1. Scan SER16, SER60 and give me the residue that is within 16 Å of the ligand (Cβ to nearest atom), within 30 Å of LEU108 (Cβ to Cβ) and modelled with pLDDT of 90 or more.
2. Is the stretch 162-180 home to any residue that is in contact (Cβ under 8 Å) with a residue 60 or more places away in the chain and closer than 22 Å to SER60 by Cα?
3. Against the conditions (1) open to solvent by 20 Å² or more (accessible area, probe 1.4 Å); (2) free of Cβ contacts under 8 Å to residues at least 60 places away in the same chain; (3) over 23 Å from LEU195 (Cα atoms), where does GLY110 fall short? Just the number, please.
4. Say whether the condition of being of a type outside the set (A, V, I, L, M), within 24 Å of VAL86 (Cα to Cα), within 16 Å of the ligand (Cβ to nearest atom) and under 17 Å from the mean Cα position of the chain (by Cα) is met by at least one residue in the stretch 42-54.
5. Regarding ASN121, is this residue free of Cβ contacts under 8 Å to residues at least 24 places away in the same chain, surrounded by fewer than 22 Cβ atoms within 10 Å (Cβ to Cβ) and outside any helix (DSSP H, G or I)?
Amino acid sequence: MDYYGSGISKLIESLSSLPGIGRKSAQRLAFHIIAMPKEQVKAIADSLVEAREKVHFCSSCCTITDSEICPICASSKRNHRQIMIVENSRDLAAYEKTGRYEGVYHVLHGSISPMLGVGPNDIRLKELLMRLQDENGDAKVDEIIIATGSSVEGESTAMYIVKLVKTLGLPIRLTRIATGVPVGGDIENIDEVTLERALSGRTEV
Ligand code: ZN
């Protein structure tokens, strides 16, 4: 039964489609929103639409950005021959916060998970391969640091990348961040000191 009328019900439904928002929270938010001044609601709605429209993926590293090339890829101060592979832009932000990493990144937007039906073609691996070789077949990169998470998915993605890059036969050093990172832990929730240690203690794979 529709207690509220279709407008409010629709709002509750849209809100509950967001991650971490259950039916109850959606209801609470919906009632909060309809009690807000109209201009404020419009400002929120506009910023949602604007962010979604402007945002796209960096044409080099695939991170979320609002320009063609993200500021990290555009920077001449970064070492473009060192690429750290992360699962998402939040992990990139976590490593950036340590202020210790001078290379560039590659954002996969996910990890391989047969359980969830996510295969190698569903993450940004093709884009990674395109960054490794120039037109003469020479390596454009000296090191790839694999910083996917330590979950089962993160580990199998790491193994897949190692195999994939090794078949190219390029002189690229392949390393994996140290497992100071708790098993199954989300990289973005780990403190900076641990991340820094994970990076400096990385090992050859
Ligand atoms: Zn980029």
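1. SER60
2. no
3. Of the numbered conditions (1) open to solvent by 20 Å² or more (accessible area, probe 1.4 Å); (2) free of Cβ contacts under 8 Å to residues at least 60 places away in the same chain; (3) over 23 Å from LEU195 (Cα atoms), the odd one out for GLY110 is (3).
4. no
5. It is false that ASN121 is free of Cβ contacts under 8 Å to residues at least 24 places away in the same chain, surrounded by fewer than 22 Cβ atoms within 10 Å (Cβ to Cβ) and outside any helix (DSSP H, G or I).
Residue-by-condition table, conditions (1) assigned to a helix (DSSP H, G or I); (2) in contact with a helix residue (DSSP H, G or I) (Cβ under 9 Å, 6 or more places away or on another chain):
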position	(1), (2)
HIS109	no, yes
GLU135	no, no
GLY149	no, yes
THR179	no, yes
GLU196	yes, yes
LEU199	yes, yes
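Condition check ((1) touching a Ser or Thr at 6+ places or on another chain (Cβ under 9 Å); (2) free of Cβ contacts under 8 Å to residues at least 40 places away in the same chain; (3) surrounded by 13 or more Cβ atoms within 10 Å (Cβ to Cβ)) across all residues:
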residue	(1), (2), (3)
ALA35	no, yes, no
LYS38	no, yes, no
LEU48	no, yes, no
ALA51	no, yes, no
SER60	no, no, yes
ASP66	no, yes, no
ALA74	yes, yes, yes
ILE85	yes, no, yes
LEU92	yes, yes, yes
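The values are calculated or read from the model by the stated rules, or taken from the named source; none is laboratory data. This one's a predicted model, so the numbers in the text were calculated from it and none came from an experiment. Because the Cβ atoms are built from the backbone with ideal geometry, glycine has one as well, and the counts that use them run over all protein chains shown. Just the protein is used for accessible areas: all its heavy atoms, side chains included, with ligands, DNA and RNA removed. Shrake-Rupley method; radii C 1.70, N 1.55, O 1.52, S 1.80 Å.
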